[in-house]
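The values are calculated or read from the model by the stated rules, or taken from the named source; none is laboratory data. Small disclaimer: the values here were computed from a predicted structure and weren't measured. Glycine gets a Cβ as well: all are built from the backbone with ideal geometry, and neighbour counts include every protein chain shown.
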Amino acid sequence: MHFIRTVLRNFNHNRLYTAINITGLAVGLSCFTLIFLYIRDELSYDNEHKNYKRIYRLESDITISDKNQKVAKSSFAIGPAFKKVFPEVEEFVRFRSIDNSFLRYGYKQFYEDRLYFTDSSVFKVFNHRFISGLPENALYEPNTIVLTESLAKKYFGDEDPIGKIIILSNLINCKVTAVIEDVPENSHLKFDGLVSLESYSQVIGEKMYQDLNNIHFWAIRLFTYILLEENSSIESIHEKFPEFHDKYIADISKRLNGTFNLLTTRLDDIHLFSDLEWDLPTGSFKTIYIFSIIAVFILLIAGINYMNLATARSAHKAKEIGVRKVLGAYRSGLSINLLGESVVLSFFALVISFVIVESILPAFNELTGKSLTFEIQSDFLTFLVLFFVTILIGLLSGSYPAFYLSSFKPAIVLKGVVNTGKKSGILRKLLIIFQFTISIVMISGTIVVSRQLDFIKNQDIGFTKENILVIRSTDTSFKKQVRVFKTNY
């Protein structure tokens with residue numbers, strides 16, 4: 001407690017100096033926190049599924065007449081065939097996007113762009129929390145549909161949707177068998193509703209989705225995921241694939257003058273590492289690297305700023321150090337006290353950074369298109385990271401001032417003479433050069449990106465964009481009246 005009182009008294013006696021240091025560290029910690037939340041969200045994609053380390057997406061490397069494409073989709077037949085042929089495959093599931101579809105229940109009718117046909121095994125491969133209904137029979141029968149909570153409220157309000165009939169594109173009368181929680185934002189495959197894939201036979205006229213005829217191995221139209229058995233490896237499947245290819249795919253490949261190679265990506269790697277065609281929107285691991293470097297540089301700049309300010313006011317601190325040494329204080333004890341003062345100041349900055357982050361997080365979410373939350377009291381990992389980062393930045397920021405100031409000789413400094421020494425001067429200059437170099441690089445990068453965005457916005461694109469009105473509507477009643485709307489307006 002005596003140490004804390006001493007530190008607070010020093011802060012009070014040097015209010016401007018303390019305020020500048022706390023502000024600099026608080027801004028640095030705020031930027032670090034926002035970047036940490038962004039990176040953590042990017043790295044957490046699809047981790048909510050219990051068996052995500054055993055789930056792989058089957059992808060296609062196809063060449064036809066010397067034209068090569070690597071695509072995220074695969075064929076109708078490859079999922080059932082893999083389960084039949086490879087003992088390593090415990091289960092499979094396929095997702096076929098339902099394009100230009102709308103749902104109708106009573107007088108409510110809207111176009112939906114996140115509906116998929118899928119196998120009944122979807123809830124064996126992936127984990128989704130059920131609000132009502134059972135995963136075992138949710139999509140077991142044809143003409144059944146599972147809705148997310150948001151979609152269920154959109155059509156049924158407070159009414160229980162289970163057992164109700166909702167019509168898909170005026171073609172399929174789908175019975176609602178379950179309602180699940182909304183798909184998390186950190187999922188690469190987002191959907192609002194899932195329709196039994198067996199219902200697809202009413203659209204294509206045949207059960208191509210389970211036929212192992214050779215030609216169907218080139219019907220590359222959907223996403224396929226496999227769940228491996230425990231202690232099985234995807235490398236084993238890749239090793240056996242040439243034999244599988246010769247049996248099921250080679251014949252039609254020769255007729256098409258093409259080749260087919262298997263690609264796979266583990267579920268939690270899809271968002272950051274997939275660069276395939278026909279894929280869903282993905283992120284980039286390069287962005288994670290860049291943001292991580294920026295976060296470290298921002299903390300370094302804040303820490304160096306603290307070092308420079310502390311050493312710059314060394315003359316004010318020198319007499320105090322000299323008196324304490326005369327009274328018997330050891331250099332090691334003084335260093336620890338000065339480091340402790342730096343750590344305490346960092347924690348003050350951390351508290352202020354919490355307020356800053358809470359204030360600007362909505363704007364940051366709008367900028368990044370995410371829905372990040374900052375709940376330090378319930379997020380142990382975030383608290384732990386920020387706690388250790390604060391201690392680290394406090395120790396690093398205070399290390400040079402602590403060891404530098406504690407080295408003063410009391411007989412000299414009490415006479416009012418402070419000899420900073422040649423080495424300390426060089427180190428300070430190097431720190432300042434490093435600080436300004438990083439700042440200039442980051443500011444220059446920001447200016448370049450800003451000018452590129454301005455160029456894109458102001459470039460002549462061949463039409464007067466101010467006269468173009470884009471109206472996005474999922475209401476089918478409006479879409480039927482588009483011509484009337486165009487005529488009247």
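Just a few scattered comments:
- All of 67, 108, 83, 124 fail the test of being basic (Lys, Arg), out of contact with any Cys (no Cβ under 8 Å at 6 or more places or on another chain) and without any contact (Cβ under 8 Å) to a residue 40 or more places away in the chain, apart from 67.
- Residue 151 closer than 14 Å to residue 115 by Cα, buried (at least 17 other Cβ atoms within 10 Å of the Cβ) and either of a type in the set (Ser, Thr, Tyr) or at pLDDT 95 or above (or both): yes
- Residues (buried (at least 16 other Cβ atoms within 10 Å of the Cβ) and either touching a Gly at 6+ places or on another chain (Cβ under 6 Å) or free of Cβ contacts under 8 Å to residues at least 12 places away in the same chain (or both)) located in the stretch 259-291: 269, 271, 272
- Restricting 256, 299 to residues that are in contact (Cβ under 8 Å) with a residue 24 or more places away in the chain and either surrounded by fewer than 17 Cβ atoms within 10 Å (Cβ to Cβ) or out of contact with any helix residue (DSSP H, G or I) (no Cβ under 7 Å at 6 or more places or on another chain) (or both) narrows the list to 256.
- Checked against the criterion of being closer than 21 Å to residue 72 by Cβ and within 21 Å of the chain's Cα centre (by Cα), the candidates 258, 283 yield just one match: 283.
- One residue stands out among those in the stretch 1-49 that are at pLDDT below 80 and not in a helix (DSSP H, G or I): the one that is surrounded by the fewest Cβ atoms within 10 Å (Cβ to Cβ), which is 1.
- Which listed residue, of 171, 115, is in the same structural domain as residue 221 (by TED's automatic domain parsing) and at pLDDT below 90: 171
- Looking across the stretch 162-182 at every residue that is assigned to a loop (DSSP other than H, G, I, E, B) and aliphatic (A, V, I, L, M), the one that is surrounded by the most Cβ atoms within 10 Å (Cβ to Cβ) is identified as 162.
- Among residues of the stretch 432-460, those that are modelled with pLDDT under 75 and surrounded by 10 or more Cβ atoms within 10 Å (Cβ to Cβ), counted: 1
- Among residues of the stretch 50-69 being surrounded by fewer than 17 Cβ atoms within 10 Å (Cβ to Cβ) and among the basic types (Lys, Arg), the one that is modelled with the lowest pLDDT is 67.
- Condition met for residue 236 (touching an Asp or Glu at 6+ places or on another chain (Cβ under 6 Å), at pLDDT 70 or above, more than 21 Å from residue 119 (Cβ to Cβ) and assigned by TED's automatic domain parsing to the domain that holds residue 72): yes
- Sole residue being surrounded by fewer than 22 Cβ atoms within 10 Å (Cβ to Cβ), within 18 Å of residue 114 (Cβ to Cβ) and of a type outside the set (A, V, I, L, M, F, W, C), chosen from 185, 159: 185
- Flag if residue 320 is at pLDDT below 90 and among the charged types (D, E, K, R): yes
- The condition of being in contact with a Ser or Thr (Cβ under 8 Å, 6 or more places away or on another chain) and either outside the structural domain of residue 191 (by TED's automatic domain parsing) or among the small types (Gly, Ala, Ser) (or both) holds for residue 79.
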